[in-house]
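Engineer: Here it is: the structure, laid out below.
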Amino acid sequence: MESVQVLIEQFIRYMKTEERSSEHTLRAYRNDISDFFECISEKDSFVGIEEINTQIVRRWIAEMIRKGLTPRSVCRKSAALNSFFKYLIRKGKVTVNPVDGIAKPKISKKHPVFIQEDKIAAILNSTKNTQDYSLLRNYVIIETFYATGMRVSELANLQHSDINFSLKQIKVLGKCNKERFIPMTNAIKQILEEYISLKRSFFPNPENNFLFLTSKGKRISVNSIYLNVKKNLRTGGLTGKASPHVLRHSFATHMLNSGADLNSVKELLGHANLTATQIYTHNTFEKLKQIHNKAHPRA
């Protein structure tokens, strides 16, 4: 049988080509599965992949908990190993999945962090700049996140051809290469038109078609977007958690608070099912309680 490392790389290629997993997911899978085999090599004198059993996996999970890993991290690593063994079974490399049926640590539900509507308006007003390309780009990125709720990887991959001004919609390529279309408000339409006009004056002959570029005309990275958003949210006065995902949470929460139905928000966010979208209902329920307490005569 092939070595463990060869099997891991075969699995990663499968996840990339067949499952269309993102680079971030592929890195996490590779690291998590490799960590498992490094751990059991030290603890169990590992001799062959077909000899891994439920007891070994349970000891690995117990070791992670002993080291202080969070329940969320333990569950993520276990899920990666579970997917790996499912792949090995399909390929006929092993006959049993040793991860199957093992109890995982309970994850406490974390409510999504979002920015209050008045606060986000102040942040956007404080970060706008129409003269400097990089400053305007960063402002437009924040506006686009808040107007669409898209993921940071989706925004980094946006191309000019994805923006349809006549139909007022943005085509987004989500997880597993699934396309969805997000409507453009008049405000974001005008902001994008201003940005593209300035961008063309800086880069009349760009070497690529990506919407957001660095100051040198290169495609902007996910990490750069993350850092720029964090910096601009801090500059705008945000003291709590600051990231592109906070803007995505804010988009979803504010949409629901304004009366949007859950299914519509699910489609806009690109969620595969309603379970992922329902995390935002807690925030909207809290607002309903506040309104009830203020409005009811006997509250």
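The values are calculated or read from the model by the stated rules, or taken from the named source; none is laboratory data. Predicted model only: the values in this text are computed from it and were never measured. Methodologically, a virtual Cβ is constructed for each residue, glycine included, from the backbone with ideal geometry; neighbour enumeration extends over all protein chains shown.
For every residue, the table says whether it meets (1) farther than 30 Å from MET255 by Cβ; (2) in contact with a His (Cβ under 6 Å, 6 or more places away or on another chain); (3) surrounded by fewer than 18 Cβ atoms within 10 Å (Cβ to Cβ); (4) not assigned by TED's automatic domain parsing to the domain that holds VAL152.
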site	(1), (2), (3), (4)
GLU18	yes, no, yes, yes
SER21	no, no, no, yes
PHE36	yes, no, no, yes
SER73	yes, no, yes, yes
ARG76	no, no, yes, yes
PHE84	yes, no, no, yes
VAL96	yes, no, yes, yes
PRO112	no, yes, yes, yes
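Engineer: Still on this structure, please answer the following. When segment 160-202 is examined, which residues are found to be assigned to a strand (DSSP E or B) and surrounded by fewer than 12 Cβ atoms within 10 Å (Cβ to Cβ)?
Structural biologist: The one that is assigned to a strand (DSSP E or B) and surrounded by fewer than 12 Cβ atoms within 10 Å (Cβ to Cβ): GLU179.
Yes/no per residue for (1) modelled with pLDDT under 95; (2) farther than 18 Å from ARG234 by Cα:
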position	(1), (2)
GLY92	yes, yes
ILE102	yes, yes
LYS109	yes, yes
PRO112	yes, yes
ASP118	yes, no
LEU124	yes, no
LEU135	yes, no
SER153	yes, yes
LEU158	no, yes
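Engineer: Need the failing condition index for GLY68 against (1) assigned to a helix (DSSP H, G or I); (2) under 25 Å from ARG27 (Cβ atoms); (3) free of Cβ contacts under 8 Å to residues at least 40 places away in the same chain; (4) not aliphatic (A, V, I, L, M), just the number.
Structural biologist: GLY68 satisfies every listed condition except (1).
Engineer: So, one more: Mind checking which pairs have a first residue in segment 134-160 that is outside the structural domain of THR185 (by TED's automatic domain parsing) and a second that is assigned to a helix (DSSP H, G or I) and not charged (D, E, K, R), Cβ under 9 Å, 6 or more apart or different chains?
Structural biologist: Matching pairs, first to second residue: none at all.
Engineer: If ALA79 meets every condition in (1) touching a residue at least 12 places away in the same chain (Cβ under 8 Å); (2) closer than 13 Å to ILE33 by Cα apart from one, which number is that one?
Structural biologist: With (1) touching a residue at least 12 places away in the same chain (Cβ under 8 Å); (2) closer than 13 Å to ILE33 by Cα applied to ALA79, the lone miss is (1).
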